[in-house]
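A quick write-up on the structure given underneath.
The values are calculated or read from the model by the stated rules, or taken from the named source; none is laboratory data. Here the structure is a predicted model, which means the values were calculated and not measured. In this analysis, Cβ positions are derived from the backbone assuming ideal geometry, glycine residues included, and neighbour counts consider all displayed protein chains.
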């Protein structure tokens, strides 16, 4: 298939023959791909080709720029939030690998979840456009699941790749590297990425303060107990430095984050219970922002040191009573905690410089926390071949 047919006569005396075939590509008008609508809640799936992109993504949110229904809330090159059909912030459930969450520490969202993962690690984006599932939390504004790359059979062995890019507008540099060793029994891989973006100029030649530097690295390891049983651990850290935000009153001096997740899956079981999946994760964000580069610094020095902790997990069972009915049920838990304060040193007021600067401490997060324990059940019944 894919080559021209050739007929050759052979005789018993022919021991070795080398046969060359001419290629004959198959012309296809189109390909129709259908999913398992009873099992997969994602109605839209997007993939990205970084080689074809003229402008490299600043962070993961840039991947949504061409997705139908999405727009971007841009406070600078670093802090970009996706918005879907006017749903934004916590109304939109954005997560990694089926449940891992990272809550921002900054009240102005200088550090949304999209800033803590290297865009080159994202293989695809699964989007659930509306209140069609409760398997990923009690969110009715839509769910975005960003899936990181996992090795397949074609990746067995030792492999790696290096990417680099440069943009003249702003003198921006993007680089990343990946290496992995994979077999049918286990796989382990590491990624590292570095970004150094400068201030870019708009169409009128005005320089927009948007520079930042970021370094991310991650390690992922998986072990397959059998063909249908897998345990996977994922660890990644991200470091942001000297981040300028044109649309916010302060800039980010330091933005550090750490994430750890553990996933287990058992599929292909007999009886009523067909699948068991479990996930646990933990993330910590250390965020420091100041107004050192702002005109307001002459009157008041402001420095905020804030922290955010996110932890949670989920256990889910897939039950199949009969061929027409699938039932997903389980437990999930989410813990969000934030703390931190802003220190203001007032050096002058409308009357002029103060003889003695006055210091004030303002609570940004008053040791706040949320503990959420949930029970969920979702069933899909196939009435006809095209009615659910």
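Values as computed for the structure displayed
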| quantity | calculated |
| --- | --- |
| Neighbours by Cβ (under 8 Å, 6+ apart or cross-chain): first from the stretch 361-388, modelled with pLDDT under 85; second assigned to a strand (DSSP E or B) | 380/325; 380/326; 381/325; 382/325; 388/380; 388/381 |
| Hey, residue 50 under 23 Å from the mean Cα position of the chain (by Cα), assigned to a loop (DSSP other than H, G, I, E, B), modelled with pLDDT of 80 or more and surrounded by 13 or more Cβ atoms within 10 Å (Cβ to Cβ) or not | no |
| Neighbours by Cβ (under 6 Å, 6+ apart or cross-chain): first from the stretch 334-353, touching a residue at least 12 places away in the same chain (Cβ under 8 Å) and at positive phi; second in a strand (DSSP E or B) and exposed (fewer than 14 other Cβ atoms within 10 Å of the Cβ) | none |
| Qualifying positions in the stretch 264-292 - farther than 17 Å from residue 329 by Cα, in a strand (DSSP E or B) and touching a residue at least 40 places away in the same chain (Cβ under 8 Å) | 281, 283, 285, 286, 287, 289, 290 |
| Any hit, the stretch 308-329, residues being buried (at least 16 other Cβ atoms within 10 Å of the Cβ) and over 27 Å from residue 377 (Cα atoms) | yes |
| Condition check for residue 272: surrounded by fewer than 16 Cβ atoms within 10 Å (Cβ to Cβ) and either more than 32 Å from the chain's Cα centre (by Cα) or over 28 Å from residue 218 (Cα atoms) (or both) | yes |
| Meets criteria (part of a strand (DSSP E or B) and in contact with a helix residue (DSSP H, G or I) (Cβ under 8 Å, 6 or more places away or on another chain)) for residue 308 | no |
| Scope the stretch 159-170; condition surrounded by fewer than 14 Cβ atoms within 10 Å (Cβ to Cβ) and either in a strand (DSSP E or B) or touching a strand residue (DSSP E or B) at 6+ places or on another chain (Cβ under 8 Å) (or both); matching residues | 160, 161, 162, 164, 166, 169 |
| Candidates 76, 99 - the one that is under 25 Å from residue 118 (Cα atoms), surrounded by 15 or more Cβ atoms within 10 Å (Cβ to Cβ) and modelled with pLDDT of 80 or more | 99 |
| Some residue of the stretch 105-118 being in contact (Cβ under 8 Å) with a residue 12 or more places away in the chain, surrounded by 13 or more Cβ atoms within 10 Å (Cβ to Cβ), touching a strand residue (DSSP E or B) at 6+ places or on another chain (Cβ under 8 Å) and more than 28 Å from residue 305 (Cβ to Cβ) | no |
| Flag if residue 122 is free of Cβ contacts under 8 Å to residues at least 40 places away in the same chain and surrounded by 19 or more Cβ atoms within 10 Å (Cβ to Cβ) | no |
| Of all residues in the stretch 1-16 being in contact with a strand residue (DSSP E or B) (Cβ under 8 Å, 6 or more places away or on another chain) and at pLDDT 85 or above, the one that is surrounded by the most Cβ atoms within 10 Å (Cβ to Cβ) | 3 |
| Test: residue in the stretch 206-226 that is loosely packed, with under 14 Cβ neighbours inside 10 Å, more than 19 Å from residue 265 (Cβ to Cβ) and more than 25 Å from the chain's Cα centre (by Cα) | yes |
| Any hit, the stretch 125-142, residues being part of a helix (DSSP H, G or I) and modelled with pLDDT of 80 or more | no |
| Check on residue 25, surrounded by 14 or more Cβ atoms within 10 Å (Cβ to Cβ), assigned to a loop (DSSP other than H, G, I, E, B) and modelled with pLDDT under 80 | no |
| Residue 191, sole failed condition from (1) farther than 27 Å from residue 248 by Cβ; (2) in contact with a strand residue (DSSP E or B) (Cβ under 6 Å, 6 or more places away or on another chain); (3) surrounded by 14 or more Cβ atoms within 10 Å (Cβ to Cβ); (4) without any contact (Cβ under 8 Å) to a residue 40 or more places away in the chain | (4) |
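Per-residue answers, yes or no, for (1) at positive phi; (2) within 32 Å of the chain's Cα centre (by Cα):
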| site | (1), (2) |
| --- | --- |
| 317 | no, yes |
| 323 | no, no |
| 326 | no, yes |
| 356 | no, no |
| 367 | yes, yes |
| 370 | no, yes |
| 378 | no, yes |
| 388 | no, yes |
